1. What is the residue count in the range A:19-42 for residues that are surrounded by fewer than 18 Cβ atoms within 10 Å (Cβ to Cβ), over 12 Å from residue C:184 (Cβ atoms) and not hydroxyl-bearing (Ser, Thr, Tyr)?
2. Considering only the range B:246-260, I want to know if a residue exists there that is surrounded by fewer than 21 Cβ atoms within 10 Å (Cβ to Cβ) and within 14 Å of chain A (Cβ to nearest Cβ).
3. Looking at the range C:480-488, is at least one residue at positive phi, in contact with a Lys or Arg (Cβ under 6 Å, 6 or more places away or on another chain) and either in contact (Cβ under 8 Å) with a residue 40 or more places away in the chain or in a helix (DSSP H, G or I) (or both)?
4. Name the pairs: first residue in the range B:26-38 and modelled with pLDDT of 70 or more, second residue of a type in the set (S, T, N, Q) and part of a strand (DSSP E or B), Cβ to Cβ under 8 Å, at least 6 apart or on different chains?
5. Restrict the check to the range A:88-105 and report whether at least one residue is at pLDDT below 65, crowded, with 16+ Cβ neighbours inside 10 Å and among the acidic types (Asp, Glu).
6. Of the conditions (1) among the charged types (D, E, K, R); (2) surrounded by 17 or more Cβ atoms within 10 Å (Cβ to Cβ); (3) within 14 Å of chain A (Cβ to nearest Cβ), residue B:265 clears all except one; give me its number.
7. In this structure, does residue A:56 turn out to be modelled with pLDDT of 90 or more and over 26 Å from the mean Cα position of the chain (by Cα)?
8. Can you tell me how many residues within the range C:164-193 are more than 19 Å from residue C:207 (Cβ to Cβ), β-branched (Val, Ile, Thr) and buried (at least 23 other Cβ atoms within 10 Å of the Cβ)?
Amino acid sequence: MLCAACAAVTLHMPAQRRTDLWFAVVLTAFSLVVAVESWRMPRLAELGVNPMSAPGLTPGLLALVLVVLGIALLWRSLRAPTAPDDTATVVEGAADDPPARATWPRALLALLLCLVYALGLLGRLPFMWATGLFVFAFIAAFSFDRARPMRALGGALLMAVAVAASVSLLFEQLFLVRLP
Amino acid sequence: MKQRVVVVNQPGASGAIGKKNAWEAPRDGYTWTAGAPKQLGTYKLLGQWDTWIDDWQLYNTVTNVPLVSVNPNSPYKTMADFVAAMKAGTVTIATAGAGSSGHAAAEALKAAVGGNYKHVTYDGGNPAVVATVAGEAEATTQLASEQAAMVRGKRLRPLAVLSNQALEIEGYGKIPPVTDFITTKLPILSTTFGIFLPKQDTPPEVIETLNRIWATKIANNAKLRNYALEKGALFTPAAGQSARDKVWPEIQADAWSFQTAGRTKMSPEALNIPKP
Amino acid sequence: MRLDGLIQFAHAIGAIATPTGLFNVVWATLLGMAVGMMPGLTATLGVALLTTLTFRMDAGDAILILVCTYVGAIYGGSRSAILLNIPGTPANAASTLDGFPLARQGRAGEAMGIATVGSFFGSLIGMLLLVLIAPQLAEFGLKFQSFEFVWLAIFGVVISGRITAMDDPIKGWIAGFLGLLLAQVGQEGIHAYPRFAYGSTDLAGGLGLLPALVGAFGFAEILCVMKQANYQTVRDSGRRIVPRLADIVGRWWTILRSGVAGTVMGIIPGVGEDMGAWVSYAAARRASRDPDSFGKGNTEGLLAAETGNNAAVPGAIIPVLTLAVPGSAPAAVLLAAMFIHGIRPGPLIMVEFPNFVFEVAAMLFWASVAILVLGLALTRPMLHVLRVPRDYLMPLVFVLCVVGSYAITSRVFDVWVMLGFGVMGFALREMGYPMAPLVLGIVLGDLLDKNFRRAMVLSDGSLEPLLTRPISAGLGLVTLLVLLWGLAPVRRAAGRLFGVRR
């Protein structure tokens, strides 16, 4: 099982390696900034505080650990693609199950809908309306490839009303939660 | 008053975090803070938080006094040993954090005898006391009430109570006052406890109700009185202005002790706190 | 003393047996089961979301609901493992090995029955060990001082990073240390200095623990689920559900072994329910007279895996109660929930909240009973959960994420934190970074910070006590071994040394 997993990783190596490389650069840069900012934090010496309890100590050291990890990742992703220990496992496991069909547009659409709801609608519309609109739009947007679109839209409407009403009532009345 | 009370314990930064949350909570009269009201007079001074004693409506309950205790395995057998170690600057003292009553007590001792100490802070009085029992710190200057159980169980050796009269802890006996060992006059180190809520925007009827409760129910509450006696604390109920008057000398003492220690961001005089 | 505990435990069990208490047990366990069954929705998400939504409730009721959801979700995940070959939560991965082949043979009902009984006994064994171990461990925990807590926090993220990113531990460690670092934002616990706030009062207040967890799990899971195309529908479940008594009695040794192994895996900080299942499964296979039948529909393998993961739930709660260090990701959320309800777990728990350990054990008892009864009685109706289309469910989950993150302090900033952690969590997942060490890091960040700086004050900046104090040195050595074991060059060298090829 371990071999299959290794193979899956190596098969996708070029793209994986590229993301690793970019993330390593971002992480290292970010951690360096954090480390510098931690160093610049007041040591509160004028309050008679022990220098070893300075607020910047822990974040600074954690940032340094992340710098080391970032550089390690960077170094690894820059190494030649045919490292000796990787090639050994490439041959086996090629006939593994194909990965589950994953589609980026779906994820981005979901992200967009959620952000519009949380940042755009809430606070401008009453909670119930904003929620109903969001639930309807979400279900409708993902129902277009279904066999019977009209039925899907009906379901979306039903679900929207049910969610908006029940969440509002349940949480305001029963759980005493303040709604946005 | 037939109202359920939800207690939320928010430790850290000498209670500043918990009090800030109460300050930022909606002013419906349902969010109170419990703690030491004198700290409300010193947060501003220490540059921790811009709040002031008169921003709050106070309701006092009991008054606690700090106690110097050491780990039984530590070399300090008497208060005289402890004072010598403080002069040499070798003692480690555990408290509930900067600005806590334990810290104020340690600072006062330092100002009285000279020398220095290593200040180790914990998430509250209990953890500080336990750290002393475990031996991570050598001594603690937290309140007697927080140490009572450990003193009774012989896991802490009490040396002196920082007040001008002896303190009796049930199951242990009398602990001598610090005035038996030090001739220098120590500032007032007692800490009055109570609940308080922001004055501004709190509905007046809430304040009226609380004033009435304090005058009638709390003043002769036997349960609270027994609790105070058992813990070695003083029972000192007061509300509103009279509560503030009782807390004021404590603020004076703290403010000037912090000033002497060089921990303040501004002079107490700038806040109209006269020297005690 | 021991008898005292038993009496308190019995009292606590009785105290929950009120109509309200039992009602909470039933709905929270059912909800947990449903969350666990839904592929993509994990126990961590369920507990995090419910923590925010039950925030206004009484602390005892809220923790009861959370414990039931937790147990229910870890158990519920076995359903999708058996029926869909998809573990409902990461903890049920080992259950797919024999569970799905059983379903293929038309024995899905029997498999679900075995999983139910295994989960029940697993939780029960874990609960018993909790009652026995927790008070003792709390007493021992008093020996844990600043230096030891520093190691515990580091050990937690290092081992969690190692285990959740088996192929690429460096990513697990990055996630873990990133979590620790993100927890440093806002007012720190010693001098109340607002770190990385840059004048913003929102940032000075810190990144809320629960909004961050709801984002990293809830929102990120929604995006992950929506990215996948739909899974297949459920096949027939077969007839027999309640297992034969002989099947269970004859396997008492497997149940006991898996229960203990699962609990022990749970206790180790950072090692979660999934390892509880894998270790129990491996042990059952090694002990079996017919190891080749494992993976082809062996009921004993399924029983071991499901006993092991549910036993790890009480196991993971043990260090939460006694050291305030979580054993697993859902337990980390449970710890955060205890904090916001004003319960301060840790070595002082038996002093400050003497009944709490037994109350939690009683909650686990009722949760175990609930999964047994509800699991066997509602097998068929619960299958409808798997038929709910995800496009219908996910918007509801997102609405709950928003409401939940807003609920605790009524700050809009918390919603932003949830969104930010959600997007970040999704991006990290897509790049192969595990979420469990991130969560552990976020929860342990404050503990690490305070104890590390306190330790440095005590030692005048010397790191020596980290290596010379006995318990410290032990923890440090184990952390180092985990680190080395994760480094590819070291593994290769060890392989050459012992002449073993991977």
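The values are calculated or read from the model by the stated rules, or taken from the named source; none is laboratory data. As the structure is a computational prediction, the values presented were derived from the model and not from experiment. Positions of Cβ are generated from backbone atoms using ideal geometry, with glycine treated the same way; all protein chains shown enter the neighbour counts.
1. 12
2. Within the range B:246-260, one or more residues are surrounded by fewer than 21 Cβ atoms within 10 Å (Cβ to Cβ) and within 14 Å of chain A (Cβ to nearest Cβ).
3. no
4. From residues that are modelled with pLDDT of 70 or more, the pairs are B:36/B:191; B:36/B:192; B:37/B:60; B:37/B:192; B:38/B:191; B:38/B:192.
5. no
6. (2)
7. yes
8. Count: 1.
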